[in-house]
1. In Å², what does the accessible area per residue of the range 62-168 work out to with a 1.4 Å probe?
2. Quick one: pull the percent of accessible area on the range 89-173 belonging to carbon and sulfur, 1.4 Å probe, ligands and nucleic acids left out.
3. If packing is taken as the average count of other Cβ atoms within 10 Å, what order do 116-124, 142-150 fall into, highest mean first?
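The values are calculated or read from the model by the stated rules, or taken from the named source; none is laboratory data. Nothing here was measured: the structure is a model prediction, and the numbers come from that model. All Cβ positions, even for glycine, are placed from backbone atoms using ideal geometry, and neighbour counts span all protein chains on display. When the accessible area is computed, the model is the full protein with side chains, heavy atoms only, and any ligands, DNA or RNA have been set aside. Shrake-Rupley method; radii C 1.70, N 1.55, O 1.52, S 1.80 Å.
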Amino acid sequence: MRWPLLLLIAFPLASHLAASRGSAVGATLALGLLVLPGVLGAIRAGGTARGWFALLTLLFLGLGAWSGMALAWLFYVPVILPLGLMLLFASSLIPGRTPWVTRIASQLEGPLSPKAIRYTRAVTLVWVVVFALLGFGALYLALFATVELWSLFTNGFNYLLIAFVFIAEFMVRRRVLRGEANPDFGAFLRGMGQIRAGSRP
């Protein structure tokens, strides 16, 4: 398992501990788990622009810890990330563009049949709905629920829901697209770890 994935797995626990204790320093550390892969990647890549990105990100986290605002920022993450993904997936459904799930499937399996293209387009729409529910649900909980309930959903239930939809979609795909090239779940996960998000099919 790659270490950036370990950081993402550690984030919900760190977020829960920081929110439940009301710790701005803990919130800064939790946010740091999210941005650390990007910061280190920018440093390794070199270049003035990437260097400034890394520096400003670290300064931003330091400001959050010093001012106590990092705790409030922690509540934005479960709203911004899902809604950002919702917009990303939704924009790929615009006529003339390749739906994101279609793009991912083509990278994993090569050219897709018309049936697979229709199916992956529908799955892209499903993820749009899932991300919308997660993002707007997190916003509602941040505004009206207790910290404990907010953390239970955003640091627990939301991840379980994503895992459930991910696994359920894989199982449905093998039935709907039976007879077509469908890797087993282990190969599917390994392929997902190797896809290039910015590439075109």
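1. Each residue of the range 62-168 exposes 54 Å² on average to a 1.4 Å probe.
2. So the carbon and sulfur contribution to the accessible surface is 77 percent.
3. Output ranking for 116-124, 142-150: 116-124, 142-150.
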